[in-house]
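> I'd like to ask you about the structure that follows.
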Amino acid sequence: MKADAPAPRAIIHVDMDAFYASVEQRDFPQYADKPLIVGGDPDKRGVVSTCNYLARQFGIHSAMPCATARRKCPQAVFLRPRFDVYREISRQIREILSHYTELVEPLALDEAYLDVSGQTASFGSSVLIAKDIRQRIRRETQLTASAGVSYNKFLAKIASDRCKPDGLLYISVKEGPQFAQSLSIRDFFGVGPATEDKMHAHGIYTGADLAEWKLAELQAVFGKAAAYYYHAARGIDQRPVEANRERKSVGTEDTFDVDLHTRAEMLEVLTRQSREVAADLSRLQISGRTVTVKVKFADFSQVTRSTSSASGFRSFEDIMHVVPELLESALGKSMPVRLLGVTASNLFADSASVDRDQIPLF
């Protein structure tokens, strides 16, 4: 007689709704009924960090040039981001999540995975836990969160995306394979425009199309990514929720729907990203010995340029001292840019009193 199969995991993906914009509307009620954009200056080639759902009705989205956003919605309110406020609220949310399980894997300031497999007996079910989390976040922060609940990370993440804003969606073990096969191929993690075009060239438009391929056939076309595609199309994802991961870098990047053509536009983005990285380093009380600028061009080729310092980089001024030169070095060809990023790596604690195990990720 075969041993019983292990019980499926209970995974929740919690994602705050239009986080930066929602914080601004909470703190400044006069903007509650207005299209609200958080980002750069529309007169200085800034880009949109995020926007509320009312602004999204005008076709505005993150990484869009603010000048374009203003043309689409002249009545929109533009606000500069307040990252210190967002990080403080993010810590508050992390405390709420840790009430339910120690297995919390933050992805960004506004989203995280939770493995509540061992907690369902105490709280009733994974869905009840997700409901309680959302209610508690609303009560303690006056903000809304959406939650996807399923038996793996892949489906939980897609579920939270599907029920936004302020929703909850559960995908059961029985529903998982059929749900995965109903997805557009672009919904699968790691499938960007180039991979999507490659999929389409092979007649793969949906998860159902993908599920028709054998693993060996996918490996011949997609190499190392084939195993992920093969299993995801069948609703399978064995990745565990990883709590307390050792942080190897601090960084941020943006992909643009409209390619950037001028250095002024690129430096505006890199300046904002450098501020975010510096703020994270300061909050974590760490420095990085290496700063890297990442550039992806319109043809999807990618270049990174790095520089290192024994004394390390922590402040915004430290990082921006080297970023313009790294950008110039990366722009070896005259081609529009579709992605930019800044990362600090080779991290070290600024004080001996900082315990590396206590460096938070959320």
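> Give the lysines reachable from Lys248 as a straight Cα distance under 20 Å; neighbours fewer than 8 places away on the same chain don't count.
Within the straight-line cut-off, Lys248 pairs with Lys294.
> Here is a further query. Starting from the Cα of Lys296, draw a straight line to each of the aspartates and glutamates and keep only those under 19 Å, dropping any in the same chain fewer than 8 residues away.
Output for Lys296: Glu196, Asp197, Glu253, Asp254, Asp257, Asp259, Glu265, Glu268, Glu325, Glu328.
> Enumerate by residue number the chymotrypsin sites (Phe, Trp or Tyr not before Pro) in the stretch 271-341 meeting two conditions: DSSP loop (anything except H, G, I, E, B), and at most 14 other Cβ atoms within 10 Å of the site's Cβ.
Passing sites in the stretch 271-341 are Phe300.
> So, one more: According to a simple spin-label model (label point 7 Å from Cα along Cα-to-Cβ), what is the distance in nm between Glu217 and Gln178?
Each label point lies 7 Å from its Cα, and together they span 2.4 nm.
> If you average the sequence gap of Cα pairs under 8 Å that are 6 or more apart and divide by the length of the chain, what percent do you get for the contact order? If you can, show how the numbers build up before the last one.
On the way: 673 pairs, mean separation 56.2, N = 362.
Relative CO of the chain lands at 16 percent.
> Give the distance, in whole Å, between the Cα centre of the stretch 289-349 and the Cα centre of the stretch 220-288.
14
> With loop defined by DSSP as not H, G, I, E or B, and exposure as at most 12 other Cβ atoms within 10 Å, which is the longest segment of the chain clear of exposed trypsin sites (Lys or Arg not before Pro)? Please list the in-between numbers first.
Numbers: sites that count: Lys2, Lys44, Lys174, Lys214, Arg245, Lys248, Lys333.
Longest run free of exposed loop sites: 45-173.
> Okay, next question. Please give every one of the lysines within straight-line cross-link reach of Lys174, meaning a C-alpha to C-alpha distance under 29 Å, and leave out same-chain neighbours fewer than 8 residues apart.
Lys2, Lys131, Lys153, Lys157, Lys164, Lys214, Lys224
> State to the nearest 20 debye the size of the charge dipole of the chain about its Cα centre, where the only charges are +1 on K and R beta carbons and -1 on D and E beta carbons.
Values: 46 positive and 46 negative charges, 43 e Å.
Here the size comes out at about 200 debye.
Since every read-out is calculated from the coordinates, none of them should be taken as a lab result. What you see is a predicted model; the values in this text were computed from it and never measured. So basically every Cβ, Gly included, is an ideal-geometry build from the backbone, and we count neighbours across all protein chains shown.
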